[in-house]
Amino acid sequence: MRLLLVAALCLGVTGRSDGQDWSRFRGPNGSGIAADTGYPTEFGPERHLRWRSAVRPGKSSPVLGRRHIFLTAFDGGTLYTQCFDRETGRLVWERAEQPARHEDAHVLNEPSAATPVTDGDNVYVFFRDLGVISYDPAGAVRWKRAMGPFTNRMGAVTSPIIAGASLVMVLDQIESSSIVALSLATGEVQWTTPRTETDAWATPVLYQVPGAAPQILTAGGGQYGAHALETGERLWTHKGLAPAIVASPVVVGNTVVGFGYGYDSTPPFSAALAANDRDADGRLSLEECGDSAWMIGIAKYYGNRDGFAVENEWIEAWATIVAPSSLVAVALDKDAAGRISPRELWRYQKSFVAVVPSPLVLDGLVYTIKNGGILTVLSADTGAVVKMGRVGAVPASYSASPVTAEGRIYLANEDGTVAVLRAGKDWELVAANDLGEPLYATPALSQGRIVVRGAKSLFCFGSR
């Protein structure tokens with residue numbers, strides 16, 4: 001059975017009057033797909049540039065309201081929310097907040113890395129060192145809710161989504177994982193549901209079939225899961241994913257596609273000691289862990305949690321992520337009672353270690369991009385590899401997820417190039433657009449405009 005993309009999935013539960021706009025991480029229901037036309041193929045600082053504005057440092061992706069573009073930043077120890085005019089790029093307002101604490105995290109997971117979400121007018125931002133804040137279109141605080149601290153080895157970085165009248169967040173961590181719904185109007189907790197998943201970093205998606213109540217689909221800790229939007233009740237679980245889930249899942253029709261990674265074996269603790277144990281006491285202090293969020297997490301959250309990593313804690317921590325990497329497609333079948341009974345369709349078991357970008361599913365094909373620029377295309381029906389190759393002549397690292405419009409795929413890399421591919425089984429590179437600064441954020445596509453966040457600039461490109 002051919003998988004057909006449901007472009008308008010969950011229009012009735014997103015809370016948006018223009019639900020196809022780019023209001024959340026990766027646009028409509030996290031698909032990365034823009035349904036409209038008029039997007040340029042070749043662009044840059046001197047070509048098809050509508051405007052360019054300076055931005056503060058950060059790695060969150062831009063989201064689009066009716067009149068504004070929102071993003072977050074971390075600069076000089078301060079957390080920022082910035083609001084730009086969609087038409088002109090003018091900075092309309094920015095608001096600053098001081099962190100309540102500092103939580104350890106991976107070097108790429110800076111304190112403002114979570115992508116905000118907008119209902120078209122208001123914006124909702126999450127900072128792991130503070131909590132959630134909602135601002136109105138003029139930048140006035142509507143409400144604040146303190147959250148944390150979190151026990152997440154690489155740093156909590158969930159991006160919130162809007163579903164109906166709720167702001168939904170998945171807070172998977174080493175202990176006390178949960179999913180929570182907050183009122184869009186007041187920030188009050190509507191419900192909280194504990195989760196068995198451990199620390200993960202994927203953003204959820206929505207799933208709904210005609211005549212049924214909407215569900216929140218999640219990926220984390222080696223499993224897919226679903227919660228009722230109305231109550232938070234856990235509806236079903238499907239195990240079999242890899243333990244480390246960074247990339248977000250994608251829903252296509254009645255199928256969910258996602259991947260995670262694991263490691264083949266536990267590296268010897270003796271090697272870590274040889275490289276880092278400066279005082280030769282047979283353990284690793286927080287100072288000796290340096291900027292390794294992984295080793296810091298072991299010292300702080302495993303064993304006796306005394307701030308030192310020792311061999312038994314090392315083994316315990318590594319045991320949670322020694323497992324095969326895999327890309328897994330699961331069918332969301334219904335049983336006789338009308339309940340979802342998930343069923344694995346296929347799996348592609350190859351290494352996805354340290355792969356951050358989420359998959360893209362388009363016209364019966366699944367696209368994944370890895371560091372080095374290796375693009376793999378698989379059949380969405382069977383998981384069979386259709387084509388694998390390098391994007392461009394020079395290897396590059398990728399944090400941004402692929403997005404698409406008009407049969408073209410846009411891939412932004414950390415070297416500052418946005419590659420444009422003709423999608424399909426025989427995909428080919430049609431343009432390589434150098435923007436001149438590192439790119440970590442996922443581009444936003446809407447109304448023929450491409451909004452790209454760089455290390456220093458916010459660009460808007462369009463041919464009309």
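The values are calculated or read from the model by the stated rules, or taken from the named source; none is laboratory data. Just so we're clear, the structure is a prediction, and the values are computed from it rather than from any experiment. Note: ideal-geometry Cβ built from the backbone for every residue, glycine included; neighbour counts use all protein chains shown.
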Select, from 321, 340, the only residue that is touching a strand residue (DSSP E or B) at 6+ places or on another chain (Cβ under 8 Å), within 25 Å of residue 214 (Cβ to Cβ) and modelled with pLDDT under 95. 340
Among the hydroxyl-bearing types (Ser, Thr, Tyr), modelled with pLDDT of 95 or more and surrounded by 14 or more Cβ atoms within 10 Å (Cβ to Cβ): is that true of residue 292 in this structure? no
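Residues checked against (1) more than 20 Å from the chain's Cα centre (by Cα); (2) modelled with pLDDT of 95 or more; (3) surrounded by 22 or more Cβ atoms within 10 Å (Cβ to Cβ):
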| site | (1), (2), (3) |
| --- | --- |
| 107 | no, no, no |
| 116 | no, yes, yes |
| 119 | no, yes, no |
| 126 | no, yes, yes |
| 129 | no, yes, yes |
| 133 | no, yes, yes |
| 142 | yes, yes, no |
| 145 | yes, yes, no |
Taking residue 180 as meeting all but one of (1) surrounded by 22 or more Cβ atoms within 10 Å (Cβ to Cβ); (2) among the aliphatic types (A, V, I, L, M); (3) part of a strand (DSSP E or B); (4) in contact with a Phe, Trp or Tyr (Cβ under 8 Å, 6 or more places away or on another chain), write down the number of the exception. (1)
Determine, yes or no, whether residue 202 is out of contact with any Ser or Thr (no Cβ under 7 Å at 6 or more places or on another chain) and among the aliphatic types (A, V, I, L, M). no
Picked from the stretch 356-374 (must be surrounded by 23 or more Cβ atoms within 10 Å (Cβ to Cβ) and hydrophobic (A, V, I, L, M, F, W, C)), the residue farthest from the chain's Cα centre (by Cα) is 366
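What strands (runs of 3 or more DSSP E) completely inside the stretch 359-458 contain at least 3 residues that are in contact (Cβ under 8 Å) with a residue 24 or more places away in the chain and of a type outside the set (Gly, Ala, Ser)?
Working: elements: 360-362, 365-370, 374-379, 385-390, 403-405, 408-412, 417-422, 428-434, 444-446, 449-453.
In the stretch 359-458, the matching strands (runs of 3 or more DSSP E) lie at 360-362, 365-370, 374-379, 385-390, 408-412, 417-422, 428-434, 449-453.
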Has the stretch 131-146 got any residue that is part of a loop (DSSP other than H, G, I, E, B) and either farther than 19 Å from residue 95 by Cβ or touching a Pro at 6+ places or on another chain (Cβ under 7 Å) (or both)? no
Hey, residue 428 modelled with pLDDT of 95 or more and in contact with a strand residue (DSSP E or B) (Cβ under 6 Å, 6 or more places away or on another chain) or not: yes
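From 312, 304, which residue is in a helix (DSSP H, G or I) and either over 19 Å from residue 255 (Cβ atoms) or within 22 Å of the chain's Cα centre (by Cα) (or both)?
Values: 304 fails: in a helix (DSSP H, G or I).
Answer to the check: 312.
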State whether one or more residues within the stretch 178-191 are farther than 28 Å from residue 112 by Cβ and polar (S, T, N, Q). no
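Kindly check whether there is at least one residue in the stretch 297-305 that is exposed (fewer than 15 other Cβ atoms within 10 Å of the Cβ), in contact (Cβ under 8 Å) with a residue 12 or more places away in the chain and out of contact with any helix residue (DSSP H, G or I) (no Cβ under 8 Å at 6 or more places or on another chain). Can you show your working first?
First pass over the stretch 297-305, keeping only residues exposed (fewer than 15 other Cβ atoms within 10 Å of the Cβ): 304-305.
After this cut, where a residue has to be in contact (Cβ under 8 Å) with a residue 12 or more places away in the chain as well, the list is none.
Within the stretch 297-305 (the criterion being exposed (fewer than 15 other Cβ atoms within 10 Å of the Cβ), in contact (Cβ under 8 Å) with a residue 12 or more places away in the chain and out of contact with any helix residue (DSSP H, G or I) (no Cβ under 8 Å at 6 or more places or on another chain)), the answer is no, since none of the residues qualifies.
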Within the stretch 338-358, count every residue that is of a type outside the set (Lys, Arg), assigned to a loop (DSSP other than H, G, I, E, B) and within 13 Å of residue 261 (Cα to Cα). 9
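In the stretch 324-337, what count of residues is obtained for those that are part of a loop (DSSP other than H, G, I, E, B), modelled with pLDDT under 90 and not acidic (Asp, Glu)? Walk me through how you get there before you give the answer.
Within the stretch 324-337, the first condition is being part of a loop (DSSP other than H, G, I, E, B), and the residues that meet it are 324-325, 335-337.
Then keep just the ones that are modelled with pLDDT under 90; that gives 335-337.
When the remaining residues are screened for being not acidic (Asp, Glu), the result is 336-337.
Counting residues in the stretch 324-337 that are part of a loop (DSSP other than H, G, I, E, B), modelled with pLDDT under 90 and not acidic (Asp, Glu) gives 2.
Could you pull out the residue among 208, 190, 215 that is of a type in the set (S, T, N, Q) and crowded, with 23+ Cβ neighbours inside 10 Å? Working first, answer last.
Values: 208 fails: crowded, with 23+ Cβ neighbours inside 10 Å; 190 fails: crowded, with 23+ Cβ neighbours inside 10 Å.
Of 208, 190, 215, the one residue that is of a type in the set (S, T, N, Q) and crowded, with 23+ Cβ neighbours inside 10 Å is 215.
Give the stretch 12-52 a look and list any residue that's under 24 Å from the mean Cα position of the chain (by Cα), of a type outside the set (Asp, Glu) and either at pLDDT below 95 or surrounded by fewer than 18 Cβ atoms within 10 Å (Cβ to Cβ) (or both), or say none.
Across the stretch 12-52, the qualifying residues are 12, 13, 14, 15, 16, 17, 19, 20, 35.
Can you name the residue in the stretch 165-176 that is in contact with a Pro (Cβ under 8 Å, 6 or more places away or on another chain) and modelled with pLDDT of 95 or more and is also surrounded by the fewest Cβ atoms within 10 Å (Cβ to Cβ) among such residues? Outline the logic, then answer.
As a first pass, look at the stretch 165-176 and keep what is in contact with a Pro (Cβ under 8 Å, 6 or more places away or on another chain): 167-170, 176.
Now drop any that are not modelled with pLDDT of 95 or more, which leaves 167-170.
Working: 167: 25, 168: 25, 169: 23, 170: 26.
Checking each candidate, the answer is 169.
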Picked from the stretch 64-102 (must be closer than 16 Å to residue 454 by Cβ and in contact with a Leu (Cβ under 8 Å, 6 or more places away or on another chain)), the residue surrounded by the fewest Cβ atoms within 10 Å (Cβ to Cβ) is 89
Any residue at all in the stretch 65-76 that is hydroxyl-bearing (Ser, Thr, Tyr), under 20 Å from the mean Cα position of the chain (by Cα) and in a loop (DSSP other than H, G, I, E, B)? no
Check off (1) touching a Pro at 6+ places or on another chain (Cβ under 9 Å); (2) without any contact (Cβ under 8 Å) to a residue 24 or more places away in the chain for residue 46 and give me the number that stays unchecked. (1)
